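Taking it in order: structure first as structure tokens, then the write-up.
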Ligand SMILES: Cc1cc2nc3c(=O)[nH]c(=O)nc-3n(C[C@H](O)[C@H](O)[C@H](O)COP(=O)(O)OP(=O)(O)OC[C@H]3O[C@@H](n4cnc5c(N)ncnc54)[C@H](O)[C@@H]3O)c2cc1C
């Protein structure tokens, strides 16, 4: 039996801890705030299997300045962070070249195709399967041009096995009667789903692990060192040792990889939402508003309206005007949405320039593994990531080519 430390108790770290525990290892999870309000607790809850196109698609780079002119628009950069973002942006530009974007697309397809394979057994085992609603998602458009502009993206999705059904505006309203006349086109994606509350999933997963003897330690780890026979982690409280370490510290991961001499282009892409506890409209599934780049999900804790991509590093304070702006956007589409007061929230998506996570063995140490950088898709890809990390740790052959997720791509 190996002693393995999983550093980070978000959805990625917890899923890995679960999978390695099931494989018979002795697991310790360390997190400075194991039950805290991190990005895994407040996201939109979507199992977004159709999101197989990277953000860095050909031509997108030149749209970025236009988006950035609107500080409450879908994408913004905090002025005091713009210079620091340049290396990441340059990588984003390179990733948007046609061949690179196609490779990223294929690598996302490989992960998302297997999203449910290990998620469903894990959810059944930990007793949350009723919280997974496989009701499909509705992607809606308000303009012909917006719909036309996305046709290449839909063609790639369809080619990669995503099932879609075209809907006129009226057909979309049959699916979701609360939608107003603004909606002109829709695409229904039956394979997508959502969880009724992402916080419930992480809470239940953590509780299950504790009940089964997985040790949780609250501490902040500042360095990871290798020695010939084991690994040591220097926390604020003490030094921890383990046979192997999995680094699953989300948006905070790159300073720990740098210590290993391994560069990683990882940025916080802050997202926002507002959750309205008692909304005056009802929807039945996740709705994606393609042109305005936000989503609405019907969670048990309320109607969650979320989106936005704000690059400002990990230390800038949140700007909750963005949460309010998302509610105003939702009102454009839902004429009966009058109740606008809700709980505002924001979290740091761990984002790479090519939209691919880092699921990888360290280049400098074969006892250290990386699992972070899942951007918009950490919940969707949690179980498949855990499987791939387990296969790497046990030197098992995989049916997925993991070279595209390797940290080597940045070095
Ligand atoms: C608005 C919004 C909506 C989203 N919607 C969706 C969605 O619908 N579907 C989807 O699939 N994904 C969605 N995402 C993305 C998803 O939430 C993330 O990709 C995922 O939660 C990342 O999980 P993680 O475990 O890597 O990171 P985290 O949840 O951030 O966990 C990392 C953990 O590491 C700990 N940590 C960091 N550094 C240290 C250290 N040095 N020592 C100890 N502990 C440390 C932190 O305390 C934290 O608990 C959304 C994100 C946002 C912001």
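The values are calculated or read from the model by the stated rules, or taken from the named source; none is laboratory data. Everything numeric here is computed off the predicted structure, so don't read it as measured data. As a convention, Cβ positions derive from the backbone with ideal geometry for all residues, glycine included, and neighbour counts pool all protein chains shown.
Just to check your reading of the model, which residue among 332, 303 is under 26 Å from residue 135 (Cβ atoms) and crowded, with 21+ Cβ neighbours inside 10 Å? Walk me through how you get there before you give the answer.
Working: 332 fails: crowded, with 21+ Cβ neighbours inside 10 Å.
Within the list 332, 303, the selection yields 303.
Just to verify a result, which residue in the range 251-274, among those that are away from the ligand (no atom under 11 Å from the Cβ) and in contact (Cβ under 8 Å) with a residue 60 or more places away in the chain, is nearest to residue 342 (Cα to Cα)?
Looking at the filtered set, the residue picked out is 267.
Does residue 280 count as within 20 Å of residue 175 (Cα to Cα) and more than 22 Å from the chain's Cα centre (by Cα)?
yes
Taking the range 27-45 as the search range and keeping residues that are under 17 Å from residue 213 (Cα atoms) and touching a helix residue (DSSP H, G or I) at 6+ places or on another chain (Cβ under 6 Å), which one is farthest from the ligand (Cβ to nearest atom)?
Among those that are under 17 Å from residue 213 (Cα atoms) and touching a helix residue (DSSP H, G or I) at 6+ places or on another chain (Cβ under 6 Å), it is 27.
Among the strands (runs of 3 or more DSSP E) contained in the range 283-385, which hold 3 or more residues that are in contact with a helix residue (DSSP H, G or I) (Cβ under 6 Å, 6 or more places away or on another chain)?
In the range 283-385, the matching strands (runs of 3 or more DSSP E) lie at 302-311, 343-351, 358-361, 368-372.
From (1) farther than 27 Å from residue 86 by Cα; (2) more than 12 Å from the ligand (Cβ to nearest atom); (3) surrounded by fewer than 20 Cβ atoms within 10 Å (Cβ to Cβ), pick out the condition that doesn't hold for residue 285.
Answer for residue 285: the failing condition is (3).
Tally the residues that are outside any loop (DSSP other than H, G, I, E, B) and either crowded, with 17+ Cβ neighbours inside 10 Å or within 16 Å of the ligand (Cβ to nearest atom) (or both), restricting the search to the range 205-223.
The qualifying residues number 13.
Would you check if residue 49 is surrounded by fewer than 20 Cβ atoms within 10 Å (Cβ to Cβ) and closer than 28 Å to residue 296 by Cα?
When the stated conditions are applied, residue 49 does not pass them.
I'm told residue 298 meets every condition in (1) at pLDDT 95 or above; (2) within 9 Å of the ligand (Cβ to nearest atom) except one. Can you identify the failing condition by its number?
Exception for residue 298: condition (2).
Take the residues in the range 181-204 that are more than 16 Å from the ligand (Cβ to nearest atom) and crowded, with 17+ Cβ neighbours inside 10 Å, then tell me which one is nearest to residue 339 (Cα to Cα).
183
What number goes with the only condition from (1) under 18 Å from the mean Cα position of the chain (by Cα); (2) assigned to a helix (DSSP H, G or I) that residue 194 does not pass?
Among (1) under 18 Å from the mean Cα position of the chain (by Cα); (2) assigned to a helix (DSSP H, G or I), the lone unmet condition for residue 194 is (2).
Considering only the range 224-282, give the strands (runs of 3 or more DSSP E) lying wholly within it that have at least 2 residues that are surrounded by fewer than 21 Cβ atoms within 10 Å (Cβ to Cβ).
Filter on the range 224-282 gives 231-235, 239-242.
Between residues in the range 29-41 that are closer than 10 Å to residue 202 by Cβ and in contact (Cβ under 8 Å) with a residue 24 or more places away in the chain and residues that are within 6 Å of the ligand (Cβ to nearest atom) and part of a helix (DSSP H, G or I), which pairs lie under 6 Å by C-beta distance while being six or more apart or on different chains?
40/11
Could you go through the range 79-102 and let me know if any residue there is in contact (Cβ under 8 Å) with a residue 12 or more places away in the chain and within 14 Å of the ligand (Cβ to nearest atom).
No.
Just checking, how many residues over the range 155-180 are buried (at least 18 other Cβ atoms within 10 Å of the Cβ) and either without any contact (Cβ under 8 Å) to a residue 12 or more places away in the chain or assigned to a strand (DSSP E or B) (or both)?
1
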